[in-house]
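Okay, structure first, notes after.
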Amino acid sequence: MQATPDLLRRTCDLALEFLNSLDTRPVALPAGVASFAAMAARAGGPLPARGEDPAQVIEHLASAIAPGLLASPGPRFFGFVIGGSLPAALAADWLTSAWDQNAFSSISSPAAAVAEHVAAAWLLEIFGLPATHSIGFTTGCTMASFTCLAAARHALYSQLGWDVERLGLAGAPPVTIVASDESHVSIFAALQMLGLGRDRALRIPTDPQGRMRTDALVSTLAAIDTPVLVCAQAGNVNTGAIDPLADIAAAVRARRGWLHVDGAFGLWAAASPSLRPLLAGIELADSLAVDGHKWLNVPYDCGLAIVADRAAHWNAMTLLAPYYQPDPAADPHQIRDNHNWTPEASRRARGFTVYAALRSLGRNGVAEMIERCCALARRMAERLSAGPGVEILNDVVLNQVLVRFHPAADTDATTDANTAAVIRRVQQDGTCWLSATDWHGMHAMRISVSNWSTTEADIDASAAAILRCAAHAG
Ligand SMILES: *Cc1c(COP(=O)(O)O)cnc(C)c1O
């Protein structure tokens, strides 16, 4: 026994204390830099020369950083696009740590390889994608897009007869990258890391909801004579809007091209029969990136890189380690070696939490969770729009709501300043937390409903708090 049962039981109690507090603890950020320094002082100090008792270390860790714990896994955290942890996924995550499997390969952990193999098949079924697509389990959606765009780079350079994995990009013939004016920053981060250049992407204008304009894409593509990589998105991070994927796919297919879709949260709409039509054409994408740790509600870290061309995916990611010697008789596309599908070698066994989440919800449960969050987002928009001066900026098609607060007629504050003031008040109020964004030249409150445990009562209490803050902002 390497860890005493008492230590792990006490740790479990500490975890439960936190989880049980989520319904009632203030949903607010700890105040500013002063408390950061105070926390660092309490947690830090000189590194002890001699080790301390593990039980004391855990007690100290838990109490020293407690003021900095955010209620982000709770039901009234609407900032960024976050999500919490489904009970089964959290429990599986504890086991993942205890089992401490290296998900590198089918030899380093047959269990981890099998979990990813099974979960991958279930995911493709849920997304309505062909079972032949390959999936890599990455740290998040940024690395999922990185992985997908590496596969795209492989395929496009193969067309040009250039072995990009061996030769790199120096002296390589050009390919053209196309993204939208509202592509998520992670797309440009991936381009930057892949040597494709963050500023080289041609940017396609968007419509009033933030969707890529197909007419503009078609005319841009007409002027390009190189292979082309088009990055579209399902789920604009501000509005939730989904690019017209079928039209975009048709335009890309009409020429030598690769279509990547960033569906960090929006791809989960494919799980719902009622929402799925929004994603028509998704099956035509060459690659798709999606998060597990957002809307599937598994703990960090989990993203999924999905690629139609398995060989391109494999060639872009595989390691040629001399110390890894699989059974030569085994078909590498049948036995799953996780390192062939992600940028990492040794890593956490991310398949267990996904497996547990999917199995605990079932196919219908995933659809229900996604539909429930969307219904709650619409409820939030309805509640808020009843308030004076409140404007909902977006069509609430998924789980995102963009809100502006016009000042009362007798003040001379601008709507931008008033909206900022409302957001600050809500952030201090502690009922719920959400953040600000700038969209189409306007300052706005952004609300994302992504947590499995959020109820109608949470929405009503939060909407009431927001309207209360709005009434007092001036
Ligand atoms: C969150 C997000 C990403 C990045 O995902 P990470 O898991 O944070 O790396 C990419 N695209 C969109 C639309 C997102 O919302």
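The values are calculated or read from the model by the stated rules, or taken from the named source; none is laboratory data. Keep in mind the model is a prediction, meaning the values are calculated, not measured. Ideal geometry is used to build each Cβ from the backbone, glycine not excepted, and the neighbour counts take in all protein chains shown.
Considering (1) at pLDDT 95 or above; (2) within 16 Å of the ligand (Cβ to nearest atom); (3) outside the structural domain of ARG336 (by TED's automatic domain parsing), say which one LEU86 fails and leave the rest. So LEU86 meets the others, but not (2). Per this entry, PHE265 is counted among residues that are modelled with pLDDT of 95 or more, touching a helix residue (DSSP H, G or I) at 6+ places or on another chain (Cβ under 9 Å) and within 28 Å of GLY79 (Cα to Cα).
Condition test on LEU129, is it more than 16 Å from the ligand (Cβ to nearest atom), farther than 18 Å from ILE282 by Cβ, touching a residue at least 12 places away in the same chain (Cβ under 8 Å) and not β-branched (Val, Ile, Thr)?
Numbers: more than 16 Å from the ligand (Cβ to nearest atom): yes; farther than 18 Å from ILE282 by Cβ: no; touching a residue at least 12 places away in the same chain (Cβ under 8 Å): yes; not β-branched (Val, Ile, Thr): yes.
So LEU129 fails the test.
Scanning for something charged (D, E, K, R), away from the ligand (no atom under 15 Å from the Cβ), surrounded by 15 or more Cβ atoms within 10 Å (Cβ to Cβ) and within 30 Å of LEU217 (Cα to Cα), does the stretch 142-164 turn up at least one residue? Yes - at least one qualifying residue is present in the stretch 142-164.
Residue under question is THR353, and the condition is that it be part of a helix (DSSP H, G or I), modelled with pLDDT of 95 or more and in the same structural domain as MET317 (by TED's automatic domain parsing); does it hold? Yes, satisfied. The C-beta contact set for the stretch 257-273 (first residue in the same structural domain as LEU304 (by TED's automatic domain parsing), second residue away from the ligand (no atom under 11 Å from the Cβ) and of a type in the set (Ser, Thr, Tyr), distance under 9 angstrom, 6+ apart or interchain) comprises TRP258/SER287; LEU259/SER287; HIS260/SER287; VAL261/SER287. Among the residues of the stretch 224-245, is any away from the ligand (no atom under 13 Å from the Cβ), in a helix (DSSP H, G or I) and either assigned by TED's automatic domain parsing to the domain that holds ALA152 or crowded, with 20+ Cβ neighbours inside 10 Å (or both)? So far as the stretch 224-245 goes, yes, one or more of its residues are away from the ligand (no atom under 13 Å from the Cβ), in a helix (DSSP H, G or I) and either assigned by TED's automatic domain parsing to the domain that holds ALA152 or crowded, with 20+ Cβ neighbours inside 10 Å (or both).
Quick grid of which residues meet (1) exposed (fewer than 15 other Cβ atoms within 10 Å of the Cβ); (2) more than 19 Å from TYR300 (Cβ to Cβ):
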{"residue": "PRO5", "(1), (2)": "yes, yes"}
{"residue": "ILE58", "(1), (2)": "no, yes"}
{"residue": "SER63", "(1), (2)": "yes, yes"}
{"residue": "PRO73", "(1), (2)": "no, no"}
{"residue": "GLY79", "(1), (2)": "no, no"}
{"residue": "LEU86", "(1), (2)": "no, no"}
{"residue": "TRP94", "(1), (2)": "no, no"}
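May I ask you to verify whether PHE137 is part of a helix (DSSP H, G or I), under 25 Å from the mean Cα position of the chain (by Cα) and within 16 Å of the ligand (Cβ to nearest atom)? Lay out the reasoning, then the answer.
Values: part of a helix (DSSP H, G or I): no; under 25 Å from the mean Cα position of the chain (by Cα): yes; within 16 Å of the ligand (Cβ to nearest atom): yes.
So PHE137 fails the test.
With respect to the conditions (1) of a type outside the set (Asp, Glu); (2) more than 16 Å from the ligand (Cβ to nearest atom); (3) in contact with a Lys or Arg (Cβ under 7 Å, 6 or more places away or on another chain); (4) closer than 15 Å to PHE127 by Cα, ARG276 falls short on a single one, namely (3). Among the residues of the stretch 439-474, the one identified as more than 22 Å from VAL397 (Cα to Cα) and outside any helix (DSSP H, G or I) is GLY474.
Only one of LEU149, LEU217, LEU194, LEU156 is assigned by TED's automatic domain parsing to the domain that holds HIS339, closer than 14 Å to SER287 by Cα and either at pLDDT below 95 or more than 19 Å from the chain's Cα centre (by Cα) (or both); which? Just a single option satisfies the conditions, and that option is LEU156. Taking the criterion of being out of contact with any Phe, Trp or Tyr (no Cβ under 6 Å at 6 or more places or on another chain) and near the ligand (Cβ under 10 Å from one of its atoms), the residues of the stretch 292-303 that qualify are GLY292, TYR300, ASP301, CYS302, GLY303.
Residues to consider are ASP207, ASP181; find the one that is modelled with pLDDT of 95 or more, surrounded by fewer than 19 Cβ atoms within 10 Å (Cβ to Cβ) and touching a Pro at 6+ places or on another chain (Cβ under 8 Å). Step through it out loud before you land on a result.
Values: ASP207 fails: touching a Pro at 6+ places or on another chain (Cβ under 8 Å).
Residue meeting the stated conditions: ASP181.
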